[in-house]
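The values are calculated or read from the model by the stated rules, or taken from the named source; none is laboratory data. All of these numbers come straight from a predicted model, not from anything done at the bench. Please note: Cβ atoms are built from the backbone with ideal geometry, for glycine as well, and neighbour counts cover all protein chains shown.
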Ligand SMILES: NC(=O)c1ccc[n+]([C@@H]2O[C@H](COP(=O)([O-])OP(=O)(O)OC[C@H]3O[C@@H](n4cnc5c(N)ncnc54)[C@H](O)[C@@H]3O)[C@@H](O)[C@H]2O)c1
């Protein structure tokens, strides 16, 4: 795992931030994306204070062009990516069934 490179979306808080810190602590080079740049930079600072490195970028994963550019930027900065944690998303609360989720919701979180 040590030479691997990972992309984690929705990494500014919650599960994504925890995964990012855990991967970085395991020696994996992480590239992090989120809508919330201030919080994302705090995650990067924490990773770097612990001796790791993190590439960070503001990204709306529902924007295909921005996602494509992010992939290009990550590859330039970090080389090939071997792990993708497609974590970004929103929880609208409450129990739900797959068939009751409107198509537009899927499109908004990709
Ligand atoms: N926590 C749970 O119990 C639980 C349960 C089932 C599924 N999930 C899913 O797991 C993922 C993480 O959950 P969490 O509790 O850590 O969520 P969270 O709300 O704490 O964090 C989600 C992160 O994703 C980011 N995000 C949202 N939309 C985005 C977009 N379009 N582009 C880029 N970033 C975006 C947010 O800014 C936030 O930083 C989510 O997709 C959530 O729906 C969580």
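Total residues in region 6-26 satisfying the condition of being near the ligand (Cβ under 9 Å from one of its atoms), touching a helix residue (DSSP H, G or I) at 6+ places or on another chain (Cβ under 6 Å) and not in a helix (DSSP H, G or I): the figure is 4. From the list 41, 46, the lone residue that is within 17 Å of residue 74 (Cα to Cα), surrounded by fewer than 22 Cβ atoms within 10 Å (Cβ to Cβ), at pLDDT 95 or above and over 10 Å from the mean Cα position of the chain (by Cα) is 41.
For every residue, the table says whether it meets (1) modelled with pLDDT of 95 or more; (2) under 14 Å from residue 8 (Cα atoms).
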{"site": "53", "(1), (2)": "no, yes"}
{"site": "56", "(1), (2)": "yes, yes"}
{"site": "60", "(1), (2)": "yes, yes"}
{"site": "69", "(1), (2)": "yes, no"}
{"site": "78", "(1), (2)": "no, yes"}
{"site": "87", "(1), (2)": "yes, yes"}
{"site": "96", "(1), (2)": "no, no"}
